[in-house]
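Asks: This structure is in structure tokens; I'll ask about it shortly.
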Amino acid sequence: MTINDHIITILTISLLLVAIFSVTGCVDNETTKDGEADNQGTTATQTTASDEEAILKIFHAGSLSVPMAELEEKFETLHPNVDVQREPAGSRACIQKITELEKQSDILASADYTLIPTMMMPEYTNWYLAFAKNQIVIAYTDDSKYSSEVNSDNWYEILRRPDVTFGFSNPNDDPCGYRSVMVTQLSEAHYADESIFDDLMGDNTAITMTFENGTYTAVMPASEYIEPNTKKMMMRSMEVELSSALEIGEIDYFYIYRSVAVQHGFKFVELPPQIDLSSVDYADEYNTVRVRTADGKIVVGTPIVYGITIPDNAMQPELGIEFIKLLLSADGQNVFINNGQPPIVPAVTNDLENVPAELRALL
Amino acid sequence: MFKIKQTRHMFTSRKAPEPLMLVFLFLALVLLLFVAVTLANMVIEQVVTDLPALISAACEKSVIKSISLSMYAGLVATLISLVLGIPAAYILARKDFFAKGFVESVLDIPVVVPHTVAGIALLTIFGANGLIGAPLESYIQFRDAFAGIVIAMLFVSAPFLTNSVREGFQNIDPRLENTARSLGAPMWKAFLFVTLPLAARHIMAGSIMCWARAISEFGAVVIIAYYPMIGPTLVYDRYLSYGLSASRPIAVLLILVTLTIFIAVRLISAGWRIYDKD
């Protein structure tokens, strides 16, 4: 009310702001102090990293968030002058940020390594490394309906029950989505039940399945025409968005990568290797199912393998190489093992010639 | 009137303009260009380089459907905001009470909360097992349904209306209401025929802001309702599935539609100034 009151208010607010910033400032200072000490101790071994402050940008699949966060921490300890900035999104969205929005990233990691050759080559890169594997499971919690009886023999029967709700991500946007469709189609032959796909997906969405010359092709309508039966199922653009839906009991089950289920502490039904896209031994079987996404591209069923590359327009390709070195090291491999994404050792490449020289020795 | 005189004076006086005013003018110009150039660039580029794509987007059924859904759901959210917001605004403008500042802050929180956070909070409450969603489960579904879209829009845009209307009520001299009361009007009559008309322009401005905010909302809506697809969700999905060039015509269309409404409503309400106190 009076001028004095205003002055007191302003002073209080300023003090509060100073307090907030000094706290965050302290944290910052501490880390740089630690970093400096660390830096001095290890300068002899750090030959490639410069002492200048640098930013390492990583676009990666949502399902790599947890291991990438752990690697970020390790990398920043090794390179205290580097700030790792990660942008998780659907794998396609990650690549499109580079190819459509011309955003620069030093590393791109996709949940489907085949997206790198189909969407990025040759304009944005000409090599990739296949470095880790995964598999599709059906995740649930203790609160899910019929959670006490679900197993790898009856999961599809339970998803069929009218009072059960389930989810999968949009096959147009997300590899986990089209893989969910593939797993469902593969299960028909495995369980000798020809109506699994129709009961779970065909009747609840506008996705249609065609069969020709021994190959099943699911045809995706444009996303706005998928028309999911929202009483029975839930669809989202990215698979990790469905995790929260399971946590709050909005759905009872959902198709997800084993790694995400492990990281979230969900219970899950492990599916037989014939259908869960985990094993190179069944690559021929996986090959019989395809999904034609709304943009007309056809994705063929393949074992789930993560791919990584350094785009040609990277700002800090040297740091990208350092990061991939860490990812391929024994330390990095452990991160992936602990998060339910078994590493491929040694990593496999499409074209050794084009892989940066520093990485070739590790393959 | 006073304000207009003053500005005229500034521009027509023979004296050199105040240096501070020049600085202000320059900074205002920077802000104006920042907004105008960004949006104009997108619209003009689309119109110049690929007009057919814009026209075919405007004729596409799913585009029309999703943009109309945005507008319709936004309108419903605005109407609910009016019903809930006007009484709240009146109380806040006229009464002093314990913890009033706290109440005002709570009503304003949606403005500062990240919209994805708002979406998560709403899905938790209105989901099938949520505090509000569970008891209503057999009557109404919020997740992936029209009701969910409205709820998300309401949450993020209601504060704009409440704040604007409260400002309007604050500008009205309570003595006008008291005069009406002393002449025998019951409180509801005084409110309906004195207070509300005097605040009409603020109510209108607040409603436009609220509606526009609702139409453009994406972050909160997409978490509670990916389907049915509203305009911004469709833009995002086209971008994911087909890339930038496929999503831009719809984005431009969305800008043009909202801009048209904005200007139209402003023009209509311009005449309402006569009710203002100044």
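Readers should treat all values here as calculations from the given coordinates under stated rules, not as data from a laboratory. Please read all numbers here as calculations on a predicted model, not as lab measurements. Neighbour counts run over all protein chains shown; Cβ positions are idealised from the backbone, glycine included.
Asks: For an R0 of 51 angstrom, estimate the FRET efficiency from the Cβ-Cβ distance between residue A:225 and residue B:266 and round to the nearest 0.05.
Replies: Values: r = 36 Å, r/R0 = 0.71.
Using R0 = 51 Å, I get an efficiency of 0.90.
Asks: Follow-up question, since we're still on this one. State the answer as a single residue: which of A:206, A:6, A:342 lies farthest towards the positive end of the charge dipole of chain A, with beta carbon charges of +1 for Lys and Arg and -1 for Asp and Glu, about the Cα centre.
Replies: Highest projection toward the positive end goes to A:206.
Asks: Would you please put B:112-118, A:311-317 in order of how densely packed they are, using the mean number of other Cβ atoms within 10 angstrom per residue and starting with the highest? Write down the numbers at each step before the final one.
Replies: Numbers: B:112-118: 14.0, A:311-317: 17.7.
Peptide ranking by packing, descending: A:311-317, B:112-118.
Asks: While we're here: Just in segment A:72-115: which GluC sites (Glu not before Pro) are loop by DSSP and have at most 11 other Cβ atoms within 10 Å?
Replies: A:102
Asks: Rounded to two decimals, what is the ratio between the C-alpha radius of gyration of the protein assembly as shown and 2.2 N^0.38 Å? Working shown, then result.
Replies: Working: Rg = 29.1 Å, N = 641, 2.2 N^0.38 = 25.6 Å.
Compared with the compact-globule rule of thumb, the protein assembly as shown sits at 1.13.
Asks: Just to be sure I understand the model, the point goes 7 Å from the Cα along the line to the Cβ. What's the resulting residue A:193 to residue B:138 distance in nm?
Replies: So the label points at residue A:193 and residue B:138 sit 2.9 nm apart.
Asks: Let me ask another. Chain B: longest stretch without exposed trypsin sites (Lys or Arg not before Pro) (DSSP loop, at most 12 other Cβ within 10 Å), sites themselves excluded?
Replies: Segment B:96-276 is the longest.
Asks: With labels modelled as points extended 7 Å from the Cα through the Cβ direction, what inter-label distance (nm, one decimal) is found for residue B:22 paired with residue A:69?
Replies: Going from the residue B:22 label point to the residue A:69 one covers 5.4 nm.
Asks: Within 10 Å of each Cβ in peptide B:231-242, how many partner chain Cβ atoms are there on average? Round it to a whole number, please.
Replies: 6
Asks: Rounded to the nearest 20 debye, what is the charge dipole size of chain A about its Cα centre when +1 sits on each Lys and Arg Cβ and -1 on each Asp and Glu Cβ?
Replies: On the way: 22 positive and 55 negative charges, 74 e Å.
Using only the charged Cβ atoms, the result is roughly 360 debye.
Asks: Can you classify chain B as rounded, prolate or oblate using the Cα gyration tensor, where a ≥ b ≥ c are the square roots of its eigenvalues, rounded means a/c under 1.5, and otherwise it's prolate if a/b beats b/c and oblate if not?
Replies: It comes out oblate by the Cα gyration axes.
Asks: Work out the FRET efficiency for residue A:11 and residue B:188 from their Cβ-Cβ distance, taking R0 = 60 Å, and round it to the nearest 0.05.
Replies: It comes out at approximately 0.85.
Asks: Long-range amide H contacts for residue A:238: which residues qualify at under 5 Å (H placed 1.01 Å from N, peptide plane, sequence gap of 5 or more or a different chain)?
Replies: When sequence neighbours closer than 5 places are left aside, the close amide H contacts are A:170.
Asks: Follow-up question, since we're still on this one. At a 10 Å Cβ-Cβ cut-off, how would you order B:91, A:107, fewest neighbours first?
Replies: Values: B:91 14, A:107 25.
Fewest-to-most ranking of B:91, A:107: B:91, A:107.
Asks: Then there is this: For peptide B:126-134, what's the mean number of Cβ atoms from other chains within 10 Å of each residue's Cβ?
Replies: 3
Asks: What is chain A by shape, rounded, prolate or oblate, if you read a ≥ b ≥ c off the alpha carbon gyration tensor as root eigenvalues and call it rounded for a/c under 1.5, prolate for a/b larger than b/c, and oblate otherwise?
Replies: Note, shape of chain A comes out oblate.
Asks: Looking at the calculated P(r) for segment A:136-300, what percent of the C-alpha pair distances fall above 18 Å?
Replies: On the way: 7482 of 13530 pairs.
Roughly 55 percent, once rounded to a whole number.
Asks: Suppose only helical runs count, i.e. DSSP H with n ≥ 4. What mean residue ellipticity at 222 nm does that imply for chain A under -39500 (n - 2.57) per run, divided by all residues and rounded to the nearest 500 deg cm²/dmol?
Replies: -11000 deg cm²/dmol
Asks: Quickly estimate the mean residue ellipticity at 222 nm for chain B, helices only: each DSSP H run with n ≥ 4 gives -39500 (n - 2.57), and the total goes over all residues, rounded to 500.
Replies: -25500 deg cm²/dmol
Asks: Using +1 on the beta carbon of Lys and Arg, -1 on that of Asp and Glu, and nothing else charged, what's the dipole of segment B:61-275 about the Cα centre, debye to 20? Could you put the intermediate results ahead of the total?
Replies: Working: 16 positive and 10 negative charges, 104 e Å.
Dipole size: approximately 500 debye.
Asks: Counting Lys and Arg as +1 and Asp and Glu as -1, each charge on the Cβ, what is the dipole of segment B:28-133 about the Cα centre in debye, to the nearest 20?
Replies: Once rounded to the nearest 20, the dipole reads 340 debye.
Asks: Report the gain in length on full extension from residue B:109 to residue B:245: 0.36 nm times residue separation, minus Cα-Cα distance, nm rounded to one decimal.
Replies: Length gained, residue B:109 through residue B:245: 45.4 nm.
Asks: Could you let me know the centre-to-centre spacing of segment A:324-363 and segment A:251-307, using Cα atoms, in angstrom?
Replies: 22
Asks: Another one. Go ahead and run the numbers for FRET between residue A:353 and residue A:213, Cβ-Cβ distance against an R0 of 35 Å, rounding to 0.05.
Replies: 0.45
Asks: Among DSSP beta bridges whose residues both lie in the protein assembly as shown, state the antiparallel percentage, nearest 5. Display every interim value, and only then the final one.
Replies: Numbers: 27 of 48 bridges.
Here the antiparallel bridges make up roughly 55 percent for the protein assembly as shown.
Asks: Just check segment A:220-363 against the gyration tensor rule for me: Cα atoms, a ≥ b ≥ c as the square roots of the eigenvalues, rounded for a/c under 1.5, and otherwise prolate or oblate depending on whether a/b exceeds b/c.
Replies: Working: a/c = 1.80, a/b = 1.58, b/c = 1.14.
Prolate is the answer for segment A:220-363, as a/c is 1.5 or above and a/b outweighs b/c.
Asks: Averaged across A:218-227, how many Cβ atoms of other chains sit within 10 Å of each residue's Cβ atom? Don't skip to the end; give the middle numbers.
Replies: On the way: counts 0, 0, 1, 0, 7, 12, 14, 3, 4, 2.
Neighbouring Cβ atoms belonging to other protein chains average 4 per residue here.
Asks: Here is a follow-up. Tell me, B:124, A:114, B:38 in order of fewest to most beta-carbon neighbours within 10 Å?
Replies: Neighbour counts put them in this order, fewest first: B:38, A:114, B:124.
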